[in-house]
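Structure record follows, encoded as structure tokens.
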Amino acid sequence: VQLSHLSSASSAAEPGAMAAEMVLNRRPGQPHGEVLSEADLEELAQRKPPSKTSTRDSSTAKSLLFRFLPVLRWLPRYPVKDWLLGDIASGFSVGIMHLPQGLAYALLAGLPPVTGLYSSFYPVFLYFFFGTSRHNSVGPFAVISVMIGSVTDSLVPSEDFMEFINGTNVTAVNEAQRDAARVELVATITVLSGIFQVALGLLQFGFVVTYLSDPLVRGYTTAASVHVLISQLKNVFGVSLGEHSGPLSLFQAIYLLSLLPSCILQTFIEICKKLPETNVGTLVTAIIAMVAIFIVKELNHKFSAKLPMPIPIELITIIISTGISYGVNLNSKYGISVVGNIPSGLKPPVVPNASYFGQVVGNAFAIAVVGYAICISLGKIFALKHGYKVDSNQELIALGLSNFLGGFFQCFAISCSMSRSLVQESTGGNSQVAGVISSLVILVTILKIGELFHDLPKAILSAIIIINLKGMFKQFTDLRTLWKSNRVDLMVWVVTFIATLLLNLDIGLGASVAFALLTVIFRTQLPHYSILGRVTDTDVYKDVAEYKKAHEVPGIKIFRSSSTIYFANVEMYSDALKKKSGINVDRLIEKKKKALKKLKKQVLGGLCPAECHQHPHGEGVFPQDTEAECNGPGVAVIELSGEEGGTPAEPTLRSLGLPQPDFHAVILDFSPVNFVDTVSIKILKNIFRDFHEIEVDVFVASCPASVLAQLERGNFFSSTITKHCFFPSVNDAVRGPVPVPVTAYR
């Protein structure tokens, strides 16, 4: 055990130097079990050079085929006896749900109902080959449908298809032309969304969903559910409205907040104005359907353990209401709007209209990201519950291919439905085979049964949509939970909700992500700085301000930040370190420079020219035997030369009459640091320099290997700052710093 001294003059008389009895000097080759610096560890452990990842196996055609077609891997090992019956029952149950939801979500997207059936068939069937989640039920989803609906309303409004009826002044919408134009537009959006998803998946950008935090997604889907609810009120009350869409298209009346119109409140106000025109038959039909669906769904939830499969109340409601509508002729007698013609059979693929690409590229990207975020979130929940893994990048590719190929067959973009996925799991679904079964149910419907739903009231589909929003509206309870747990996440939730309402679904998503990232940056700029102390009778170090039994090690300041350090907060890191040290480092350095300058003037001014002689090479020197006479009275001279022929010694703070720090070492705990940049490297060098100016050594503890490598690449290390200043832990740094002479920094 040796005493660690910063300088012979500064440490000999300091009481804090007693702490140096804990300091062990280490050298490579010493016995195992004692303190090692990072430099010692590299030599002793023989650190390996960075290895290059071999791509030999992954480059083979077979591995690529198995990677992009997971069905080739799991289908040959499919346990038919154990899983097949469960998958068939589950697929049939989910298929029954697909039928009403497909029709309803097509209506939500502003498209003909048959496109909902197409979207419940083609993408679901394709996912069987490319997907990795065994329980996700992909297909139409309310949030994605309303995102698509906002685009169709803005780019292909009904007003563009008004025609005069039989030469009269009465106008009506040519629904056939409008629907054809909207299908063409939506097919283009779907194909473009698929291209984005496949491209991101091939580039291994599956992590992009990490930028959509859970509060953001929940706030976004809650706001989307409000959009959905307002959009369906016209079908519930049986009134016709103008189409309002676009950014800030929801709140026209808020003049003080914005001079631009905004759509939800505008739509709501228009509905209120047209309440006297309400179709009573439509309203009664919707209310009866909502009450029946709600009650049966609650019973399904309450008796889920006893029921072999949930009661398909949505399908039952559709069948009964269609029969009543056909028998009573609700459309002609009571003016209740019905679905209309649903063509039978499949249609040939059609190439999307590329001229729309420029107009919908932003919407397509937003749909791609939101659809994937919802799908992978559910997929990981089920995978964790049932003990298998979901490949995030392959899921992105699977969704992308489902959308890309489905777009050629008049499908709209799909995602994953929680309600259908829960039914698929609870009814015995074990694999993607359940998805194939459900798609076959829809195929039969498209080929033979679809046309029977001609007289289905639209109010029934709106009722199905509204009742299925119950789960999303429950997310309002997040406000109370987040208020108690995390106020920043609460801000993200609220800002996302408001932005999505005001700025529409696509721009609102971008604004929400930007705000969420700003909160991360904000939090890294305001970390918690602390001075650590050793907990009594342990080698554990805790914040002395928070723990009574944590005491500072005499003579050593251990500093920790709760965040990584980078260009945006490294200046604050340096300032906090100097403030927490208890001394004004910059002021002390300034005083030292002034004292040195004054000393130099005193020494040079006190020389007697007659007594000085010239060095053979022309350099002036002080004659040692006449110094006292030349200095004159009252001038105290500091010896500027060291040993004879040696390097001149640096005056110490004590010799300059300046106050000395009550500590001799600073240890920076780098355990929270996960990266450094060029700016932070520069400031760290300045920290080492400034503290050595006031005769304090600086050491770094718990620095990750990746950060060490970044420091090396940034030319941080030199002859004065070496890896001997770095230690694997705070305790090692306290026990074993190797003193670096202060003169080395001059």
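The values are calculated or read from the model by the stated rules, or taken from the named source; none is laboratory data. Keep in mind that this is a model prediction, so the values were computed, not measured. Ideal geometry is used to build each Cβ from the backbone, glycine not excepted, and the neighbour counts take in all protein chains shown. Accessible surface areas use protein heavy atoms only, side chains included; no ligands, DNA or RNA. Shrake-Rupley method; radii C 1.70, N 1.55, O 1.52, S 1.80 Å.
Residue by residue, here is whether (1) among the small types (Gly, Ala, Ser); (2) in a helix (DSSP H, G or I) holds:
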{"position": "65", "(1), (2)": "no, yes"}
{"position": "72", "(1), (2)": "no, yes"}
{"position": "82", "(1), (2)": "no, yes"}
{"position": "90", "(1), (2)": "yes, yes"}
{"position": "95", "(1), (2)": "yes, yes"}
{"position": "103", "(1), (2)": "no, yes"}
{"position": "106", "(1), (2)": "yes, yes"}
{"position": "110", "(1), (2)": "yes, no"}
{"position": "116", "(1), (2)": "yes, yes"}
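Taking the residues in segment 332-359 that are part of a loop (DSSP other than H, G, I, E, B) and either hydroxyl-bearing (Ser, Thr, Tyr) or touching a strand residue (DSSP E or B) at 6+ places or on another chain (Cβ under 6 Å) (or both) as candidates, determine which candidate is farthest from residue 119 (Cα to Cα).
336
Determine, yes or no, whether residue 515 is open to solvent by less than 70 Å² (accessible area, probe 1.4 Å) and in contact (Cβ under 8 Å) with a residue 12 or more places away in the chain.
In short, yes.
Take the conditions in the same structural domain as residue 328 (by the TED database), open to solvent by less than 20 Å² (accessible area, probe 1.4 Å) and touching a Ser or Thr at 6+ places or on another chain (Cβ under 6 Å) and apply them to residue 464. Does it pass?
Here the answer is no, as residue 464 does not meet what is asked.
From the list 333, 347, exactly one residue is open to solvent by 70 Å² or more (accessible area, probe 1.4 Å) and over 25 Å from residue 282 (Cβ atoms). Which is it?
Sole residue among the options that is open to solvent by 70 Å² or more (accessible area, probe 1.4 Å) and over 25 Å from residue 282 (Cβ atoms): 347.
Is at least one residue of segment 168-175 at pLDDT 90 or above, of a type in the set (A, V, I, L, M) and either more than 17 Å from residue 102 (Cα to Cα) or touching a strand residue (DSSP E or B) at 6+ places or on another chain (Cβ under 9 Å) (or both)?
no
Answer with yes or no whether residue 640 is within 30 Å of residue 534 (Cα to Cα), modelled with pLDDT under 90, out of contact with any Phe, Trp or Tyr (no Cβ under 6 Å at 6 or more places or on another chain) and in a loop (DSSP other than H, G, I, E, B).
no
For segment 314-330, give me each residue that is touching a helix residue (DSSP H, G or I) at 6+ places or on another chain (Cβ under 7 Å) and open to solvent by less than 80 Å² (accessible area, probe 1.4 Å).
Of everything in segment 314-330, those that are touching a helix residue (DSSP H, G or I) at 6+ places or on another chain (Cβ under 7 Å) and open to solvent by less than 80 Å² (accessible area, probe 1.4 Å) turn out to be 314, 315, 317, 318, 321, 322, 325, 330.
Considering each residue of segment 684-708, count those that are open to solvent by 20 Å² or more (accessible area, probe 1.4 Å) and not in a loop (DSSP other than H, G, I, E, B), and give that number.
Residues meeting the conditions: 6.
Residue under question is residue 306, and the condition is that it be loosely packed, with under 14 Cβ neighbours inside 10 Å and either within 22 Å of residue 112 (Cβ to Cβ) or not aliphatic (A, V, I, L, M) (or both); does it hold?
It is true that residue 306 is loosely packed, with under 14 Cβ neighbours inside 10 Å and either within 22 Å of residue 112 (Cβ to Cβ) or not aliphatic (A, V, I, L, M) (or both).
Check 385, 389 and return the single one that is farther than 20 Å from residue 213 by Cβ and either out of contact with any helix residue (DSSP H, G or I) (no Cβ under 7 Å at 6 or more places or on another chain) or of a type in the set (Phe, Trp, Tyr) (or both).
None of the other options fit; the residue is 385.
Every residue, every condition in (1) touching a Lys or Arg at 6+ places or on another chain (Cβ under 6 Å); (2) free of Cβ contacts under 8 Å to residues at least 40 places away in the same chain; (3) in a helix (DSSP H, G or I); (4) among the small types (Gly, Ala, Ser), yes or no:
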residue	(1), (2), (3), (4)
365	no, no, yes, no
369	no, no, yes, no
377	no, no, yes, yes
389	no, no, no, no
401	no, no, yes, no
405	no, no, yes, no
422	no, yes, yes, no
425	no, no, yes, no
428	no, no, no, yes
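Can you work out which of the residues in segment 64-89 that are under 26 Å from residue 393 (Cβ atoms) and among the charged types (D, E, K, R) is most open to solvent (accessible area, probe 1.4 Å)?
77
Look at segment 296-334 and say how many of its residues are of a type in the set (Ser, Thr, Tyr) and under 19 Å from residue 97 (Cα atoms).
Within segment 296-334, residues that are of a type in the set (Ser, Thr, Tyr) and under 19 Å from residue 97 (Cα atoms) number 4.
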